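The values are calculated or read from the model by the stated rules, or taken from the named source; none is laboratory data. Note that this is a predicted model, so its numbers are computed, not measured. With ideal geometry, Cβ positions are generated from the backbone for all residues, glycine too; neighbour counts draw on all protein chains shown. Protein only, heavy atoms only, side chains kept; ligands, DNA and RNA dropped before computing areas. Shrake-Rupley method; radii C 1.70, N 1.55, O 1.52, S 1.80 Å.
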Amino acid sequence: NARCEVYRKACAYGNDFYGNPSPKQAACLEHREDCALTDSDAIEPSSDEKEAACRRHDSDKEEACLELVEAPWYCQNTTNVQPCNWQDDSSLLGQNLYQLPLLPVDQDFPFACAAGLLGSADPKEQSSSSCAGRCPAGSQCPTEATYEALPCDAGHVCPEGTSVPLPCPAGSYSNATDLAAPEACTLCDEGHACTTGSVAPTPCSPGSNASGLGNARCELCAQGYYQSEAGQAACVRCAAGKFCPSGSTRELDAQCSPGTYANVTDADGDPECLECPAGSSC
């Protein structure tokens, strides 16, 4: 993309005796950008033509240009090759246009707006590779030529310009489809765990717990504790005379025979009795 402007010949008024630009040369150089925005073929455009050229500048240059409308500009003749068809439509001057290269073109047109950008049917938004701008926050534009933003995925967030939604961080969740930042995800509830990209909290299974908010995983009940229910924030201390290996879902009677011991349970929740190591007593 490039700004449509008038290509003019170089300033050729020369320098003075000391090698500095002559007054005409200095004025011509100073107003090169101003002359590039007038369609007048006069070396000295009228005040109205100069004012129209000034108003085609960006706002930061417009005011300074308007202050010099009455000063001489010394605009040079136009060149044979011009970058845009301003001769037929002067409203193009100062506008950003896509300019075809002055070479054979082997590409198909039009170009699709990139993923993460929002397309449009408005000609004003089809003249730039920026299209209608980045995909709105809370939405996704997953493919090329997306002209209607899609809702963000549940369990994910979509900052501005999203083509691939980002998952909610571990320890949080969301079933909403319009989140724009990870901070908008909800912290996981007590007694639950939330892996990356969760849409709902997962209750801790019996024999485990999760205390506080924002847990990414549940912890097994420590040896000497148990938990028989799902979704709990704490484990229960084993009663006196009972046996509770790590991860216990219930209190157990001592079932291991003399010379054996247990600190874990098998798949049924019963103690897995192991032989006492040499040099130890059980």
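Taking all protein chains in place and a 1.4 Å probe, what share, in percent, of the accessible surface of the chain do carbon and sulfur account for?
Of all accessible area on the chain, carbon and sulfur atoms account for 50 percent.
Pairs of Cα atoms under 8 Å, at least six residues apart: use those to get the relative contact order of the stretch 129-282, whole percent.
RCO, the stretch 129-282: 14 percent.
Count the lysine pairs in the chain that are 8 or more places apart or on different chains: how many have C-alpha atoms under 26 angstrom apart?
8
Can you give the accessible area per residue of the chain, in Å², using a 1.4 Å probe?
60 Å²
Among (i) 38, 27, 17; (ii) 80, 20, 17; (iii) 37, 19, 16, which one is semi-axes √(5λ) of the Cα gyration tensor in Å computed from these coordinates?
Read-out taken from this structure: (ii).
What accessible area, in Å² to the nearest ten, does a 1.4 Å probe give for H156?
In the full protein context, H156 sits at about 40 Å².
Calculated FRET efficiency, S280 and E219, Cβ-Cβ r, R0 22 Å, to nearest 0.05?
With a Förster radius of 22 Å, E is 0.20.
Evaluate the charge dipole of the chain about its Cα centre and quote only its size in Debye, nearest 20, assuming +1 on the Cβ of each Lys and Arg and -1 on the Cβ of each Asp and Glu.
About 620 debye.
Enter the Cα centre distance for the pair the stretch 6-47 and the stretch 119-165, rounded to the nearest angstrom.
If we compute the Cα centre of each part, the gap is 45 Å.
Among V199, S128, A114, flag the residue with its Cα farthest along the positive direction of the charge dipole of the chain, charges on Cβ as +1 for Lys/Arg and -1 for Asp/Glu.
Of the candidates, V199 comes out farthest on the positive side.
How high is the FRET efficiency from K124 to D60, r the C-beta distance, R0 22 Å, rounded to 0.05?
For R0 = 22 Å, the calculated efficiency reads 0.55.
Note down the relative contact order for the stretch 148-210 as a percent, whole number, built from C-alpha pairs under 8 angstrom at least six residues apart.
Answer for the stretch 148-210 is 31 percent.
Could you work out the local net charge near S22, counting Lys and Arg as +1, Asp and Glu as -1, over the other residues with Cβ closer than 14 Å to its Cβ?
Local net charge: -1.
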